[in-house]
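Trainee: Below is the structure I would like to discuss, written out as structure tokens.
The values are calculated or read from the model by the stated rules, or taken from the named source; none is laboratory data. Every value quoted in this text rests on a predicted model; they were computed, and no experiment measured them. Counting neighbours? That spans all protein chains shown, and the Cβs are built from the backbone with ideal geometry, glycine included. What goes into the accessible areas is simple: the full protein's heavy atoms, side chains included, and nothing from ligands, DNA or RNA. Shrake-Rupley method; radii C 1.70, N 1.55, O 1.52, S 1.80 Å.
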Amino acid sequence: MSFSVITQWSTQASIEGEFNRDHSVTFGSGQTVQASSAPEYKGNQERVNPEEQLLAALSSCHMLTFLTIAHLKRLPVQTYTDNASAILGKNAAGKIAIVKLVLKPEIIFQSGIDVSAEVLEKIHEKAHANCFIANSLSPEIEVIYS
């Protein structure tokens, strides 16, 4: 299995001495996302930045893995909301990197489904251990759930 994206940039009008960081990312599914660098790095705040894309990939992967496990355990989920965050800092080599990713999923199971804190914890642990994106990253990843 493999995946691909097309990232495209071309010169655009910008402030003298600078360059425009706006670009597009087209996914294999055909969807295109308008992207830029983070505003702190002279990017366009109205566009998705690479750090957000990485965080979204981790959050989505954890969610999909969690939903799969819950489904297999016959624990139907009504809603899943993750208020995830990423922290940019310096890694052990002194390079700027995302040094911590925090997932804060809130799950509501369908009416009549009672899931203990212990079972919820085990599902999250298993989801984290089996998330392809989490297994591909080196920064600290924390899952905080209620």
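Trainee: Sort out which residues of segment 55-67 are crowded, with 21+ Cβ neighbours inside 10 Å, within 17 Å of Ile108 (Cα to Cα) and of a type outside the set (S, T, N, Q), and write them in order of number.
Mentor: Listed by number, the residues that qualify are His62, Phe66.
Rundown of residues vs (1) modelled with pLDDT under 95; (2) out of contact with any strand residue (DSSP E or B) (no Cβ under 7 Å at 6 or more places or on another chain), yes/no style:
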position	(1), (2)
Ile96	yes, no
Leu103	no, no
Val119	no, yes
Glu125	no, yes
Ser138	yes, yes
Ile144	yes, no
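Trainee: Let me ask something additional. Filter segment 11-41 down to the residues that are hydroxyl-bearing (Ser, Thr, Tyr) and part of a loop (DSSP other than H, G, I, E, B), then identify the one that is most open to solvent (accessible area, probe 1.4 Å).
Mentor: Result: Thr11.
Trainee: Also: For segment 11-27, what are the residues that are modelled with pLDDT of 95 or more and farther than 12 Å from Arg47 by Cβ?
Mentor: Correct list: Thr26, Phe27.
Trainee: Just the residues that are under 8 Å from the mean Cα position of the chain (by Cα) and aliphatic (A, V, I, L, M), please, taken from segment 34-62.
Mentor: Matches in segment 34-62: Leu54, Leu55, Ala56, Ala57, Leu58.
Trainee: For the list (1) modelled with pLDDT under 95; (2) over 29 Å from Pro105 (Cβ atoms); (3) open to solvent by 50 Å² or more (accessible area, probe 1.4 Å), I need the number of the one condition that Gln8 fails.
Mentor: Among (1) modelled with pLDDT under 95; (2) over 29 Å from Pro105 (Cβ atoms); (3) open to solvent by 50 Å² or more (accessible area, probe 1.4 Å), the lone unmet condition for Gln8 is (1).
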